[in-house]
Amino acid sequence: KCVRTWKAIHVAPVATMAFDSTSTLLATGGCDSTIKVWDMVKHYCTHNLKGSSGVVHLVEFHPDSSHPQLFSSSMDYKIRIWDLSSSSCLAALGGHFSAVTSLAFADRNTLLSSGRDKVCMVWDLRSRESKRTIPVYESVEAAVLLPPKGDFSQLGVKKKGLHIITAGSKGILKVWEAATAACVYSQPVPFELKEEVSEHSLTQCLLLPARNQLITVSVEHNFVFYDAQTLQLRKQLAGYNDEVLDVKFLGPGDSHIVVATNSPQLKVFELSTSHCQILYGHTDTVLALDVFRKGLMFVSCAKDKSLRIWGMNRDGRVLCLAQGLGHTHGVGAVSCSRMKESFVVTSSQDCTIKIWNIPESLTSKAKALISSPETLQAKVTEKGHNKDINSVAVSPNDKLIATGSQDRLAKLWSSSDCSLLGVFSGHKRGIWCVQFSPVDQVLGTSSADGTLKLWALRDFSCLKTFEGHDASVLKIIFVSRGTQLLSSGSDGLLKLWTIKTNECVKTLDGHEDKIWGLHSNKQDDMVVTASSDSCITLWKDVTEIEEKEAQAKEEEQILKEQELSNLLHEKRYLRALGLAISLDRPHTVLMVVKAILKETDGRKHLEENIARLRKDQKEAVLTFLVTWNTNSRNCHEAQAVIETLLKHEAPETLLQYSGIKSAVESLLPYTERHFQRLSRLLQASMFLDFMWQNMRLADMAPQEDKVL
């Protein structure tokens with residue numbers, strides 16, 4: 001939580017900050033060319049250091065607290081040394097020809113600096129001269145010193161002395177020996193190295209001594225944790241996903257998800273830890289994914305006109321097993337065989353569908369350790385539609401293939417020879433998704449016309465049409481064992497449909513943009529969605545849980561009502577009052593109050609029972625009697641309870657009751673009305689009594705007096 005917020009006094013944004021070794025001082029560097037030092041204990045500014053040129057983008061305290069010095073760098077590429085005792089600049093170290101990106105201290109007299117001029121420099125702080133310049137041959141964003149203690153032999157460290165880890169534009173970590181300026185270790189990476197800044201470039205690097213780990217941050221906002229002594233990957237956290245185009249559950253127990261973002265790389269997330277693997281292979285944006293039944297193999301297709309088959313081994317590591325080339329345009333849709341890993345179907349912007357056989361050797365366990373991917377050849381190629389094919393699906397028995405296209409048609413094909421079996425015609429705009437029902441001989445389609453349709457496979461007729469989306473329906477899946485449909489739209493909404501009744505039973509609003517990815521797990525109790533808003537959302541089916549909770553609540557309610565009835569019968573009014581209040585039953589509480597008032601010395605018993613209630617129970621009764629008081633039939637009981645509360649509670653106590661103000665405001669007008677009615681009744685009673693007396697006197701007088 002935020003403990004404290006204060007104004008930084010800088011007249012421009014704060015560009016950098018750093019704590020000293022004791023965490024009692026904080027230095028901030030601003031875009032206004034000033035540096036300010038803050039006392040974190042007493043919360044005030046101790047120094048305002050002026051003299052830097054341009055934006056101050058780096059500040060660092062001397063690690064020895066006996067040396068009250070601050071080091072900074074700004075747009076003139078110099079490293080300034082500030083004496084905090086006198087608030088003066090002691091020296092400006094010149095040597096870099098581009099922005100200085102990091103500062104690190106080997107000891108109290110040795111400073112290491114790195115820059116975007118592709119060099120690291122070692123400085124002697126006593127003479128304030130450069131001791132050595134190490135050419136790194138890449139723009140360096142961070143340099144970290146290896147600890148003097150520890151076994152770093154696997155990183156090529158064979159001698160004692162200063163060793164540096166650099167991270168920069170090439171996206172790899174390198175270990176350098178300062179004495180010889182030689183690179184003793186270069187991290188192996190699965191991507192091609194580039195001289196210029198790319199999505200693999202590293203922006204930050206930090207040593208975590210307590211965990212014996214090194215953490216890096218990439219341009220794509222990925223956090224990667226390495227073992228500090230071996231630089232072996234320990235954990236990876238993916239940051240910004242950009243537009244998410246597809247997502248699928250992965251693993252034998254749906255323990256992972258594989259995600260296609262707006263990039264050539266795939267991301268495999270472990271759901272329990274958020275650890276992410278980044279898979280390299282495609283050279284252009286990945287467009288679609290599908291997973292085989294067992295969950296250990298999956299297929300991806302991309303704009304690079306290729307498909308790739310990937311396999312997951314026992315420890316969760318994913319490798320590319322095979323690659324298929326043959327389409328002349330980007331491959332936009334893919335579907336796997338359902339019964340076993342025997343074939344894959346792809347469709348493309350070249351309006352063709354291809355069937356690729358998977359050799360048995362590829363599915364064997366030995367092939368999980370292959371060094372290079374196999375090459376697949378398409379068994380069958382068929383021109384399927386006149387426009388882009390957006391979706392392809394394989395039937396549960398692997399005998400049929402369905403395709404959906406921008407030409408508003410869905411088509412049914414035989415998987416053995418790709419012969420056309422029939423055409424589904426009826427949508428008014430392009431079809432985005434086709435899906436086979438897992439239980440019936442039915443095909444589901446969704447379209448840009450905002451509708452979903454179910455089709456009979458026997459005669460290709462339309463069985464049902466579901467209307468309710470206000471935008472294009474991008475994906476559909478069958479859930480609840482084929483009895484319901486879940487659809488996702490370009491407006492960011494999910495809708496759940498009951499097939500039997502054609503009714504939309506639930507609308508879920510969890511995204512702000514087009515939902516491209518929609519998949520359910522094998523247990524059929526969880527759904528994952530992915531959207532253009534960069535979010536991946538997991539949804540859990542809580543229908544059974546809610547039903548059980550409702551049933552348990554209903555049973556508990558029945559038991560309490562029976563207990564309440566027994567208490568009233570036994571005239572145990574205090575417990576009856578408490579139970580009725582806990583059940584939130586104003587009418588039952590009123591019945592208890594009426595029952596108490598009917599007893600001999602009812603007022604006295606009511607006062608005793610009300611006085612023994614807890615404060616929260618009295619507050620509840622006060623809320624109830626506001627309602628009672630609006631009805632003339634129940635106003636006597638309401639007034640009796642009000643009288644009891646006013647008698648036994650001090651005004652100060654009553655003022656502390658929640659809702660007392662609104663209760664009094666509601667009680668006053670109706671109470672006045674009741675008293676006015678009583679006053680009128682009293683006057684009427686007196687008038688009737690007077691008339692009655694006169695009538696009796698008249699009856700007693702002689703008959704002739706009556707005539708007179």
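Among the criteria (1) at pLDDT below 80; (2) open to solvent by 70 Å² or more (accessible area, probe 1.4 Å); (3) among the aliphatic types (A, V, I, L, M), the one residue 538 does not fulfil is (1). Are there any pairs with C-beta distances below 9 angstrom linking a residue in the range 103-114 that is farther than 12 Å from residue 164 by Cα to a residue that is open to solvent by 20 Å² or more (accessible area, probe 1.4 Å) and hydroxyl-bearing (Ser, Thr, Tyr), with the two at least 6 apart or on different chains, and if so which? Pairs found: 108/66. All of 559, 567 fail the test of being of a type in the set (A, V, I, L, M) and surrounded by fewer than 16 Cβ atoms within 10 Å (Cβ to Cβ), apart from 559.
For the condition in the same structural domain as residue 666 (by the TED database), crowded, with 20+ Cβ neighbours inside 10 Å and assigned to a helix (DSSP H, G or I), residue 590 qualifies. Filtered by the rule that a residue be modelled with pLDDT of 90 or more and either open to solvent by less than 20 Å² (accessible area, probe 1.4 Å) or on the phi > 0 side of the Ramachandran plot (or both), the range 234-247 gives 244, 246, 247. Within this structure, residue 160 fails the test of being more than 30 Å from the chain's Cα centre (by Cα), under 29 Å from residue 90 (Cα atoms) and either surrounded by fewer than 20 Cβ atoms within 10 Å (Cβ to Cβ) or in the same structural domain as residue 264 (by the TED database) (or both). From the list 465, 529, the one residue that fits, being among the β-branched types (Val, Ile, Thr), open to solvent by less than 20 Å² (accessible area, probe 1.4 Å) and either assigned by the TED database to the domain that holds residue 411 or more than 24 Å from residue 290 (Cα to Cα) (or both), is 529. From the list 603, 585, 633, 614, the lone residue that is open to solvent by 60 Å² or more (accessible area, probe 1.4 Å), out of contact with any strand residue (DSSP E or B) (no Cβ under 8 Å at 6 or more places or on another chain) and over 30 Å from residue 673 (Cβ atoms) is 614. Taking residues in the range 576-601 that are hydroxyl-bearing (Ser, Thr, Tyr), and partners anywhere that are surrounded by 14 or more Cβ atoms within 10 Å (Cβ to Cβ), the pairs with Cβ atoms closer than 6 Å and at least 6 places apart or on different chains are 588/580. Within the range 477-510, being open to solvent by 40 Å² or more (accessible area, probe 1.4 Å), among the basic types (Lys, Arg) and farther than 14 Å from residue 436 by Cα holds for 500, 506. Taking the numbered list (1) polar (S, T, N, Q); (2) more than 31 Å from the chain's Cα centre (by Cα); (3) open to solvent by less than 20 Å² (accessible area, probe 1.4 Å) in turn, residue 419 passes all entries but (3).
Within the range 561-595, the only residue that satisfies the criterion of being more than 49 Å from the chain's Cα centre (by Cα) and of a type in the set (Ser, Thr, Tyr) is 573. Of the residues making up the range 163-178, those that are assigned to a loop (DSSP other than H, G, I, E, B) and either within 31 Å of the chain's Cα centre (by Cα) or exposed (fewer than 13 other Cβ atoms within 10 Å of the Cβ) (or both) are 169, 171, 172. Note on the range 180-196: residues that are of a type in the set (A, V, I, L, M), at pLDDT 90 or above and surrounded by 13 or more Cβ atoms within 10 Å (Cβ to Cβ) total 2.
If the condition is being under 17 Å from residue 265 (Cα atoms) and not in a strand (DSSP E or B), then the range 198-221 contributes 198, 199, 200, 201, 219, 220, 221.
Can we say residue 97 is of a type outside the set (Val, Ile, Thr) and surrounded by fewer than 18 Cβ atoms within 10 Å (Cβ to Cβ)? Yes. Checking the stated criteria, residue 524 turns out not to satisfy the condition of being touching a strand residue (DSSP E or B) at 6+ places or on another chain (Cβ under 8 Å), part of a loop (DSSP other than H, G, I, E, B) and open to solvent by 50 Å² or more (accessible area, probe 1.4 Å). Residue count for the range 531-544, restricted to those that are under 16 Å from residue 479 (Cβ atoms) and either polar (S, T, N, Q) or part of a helix (DSSP H, G or I) (or both): 3.
The values are calculated or read from the model by the stated rules, or taken from the named source; none is laboratory data. All of these numbers come straight from a predicted model, not from anything done at the bench. Cβ atoms come from the backbone with ideal geometry, glycine included; neighbour counts cover every protein chain shown. Just so you know, the surface numbers come from the protein's heavy atoms only, side chains and all, with ligands and any DNA or RNA stripped out. Shrake-Rupley method; radii C 1.70, N 1.55, O 1.52, S 1.80 Å.
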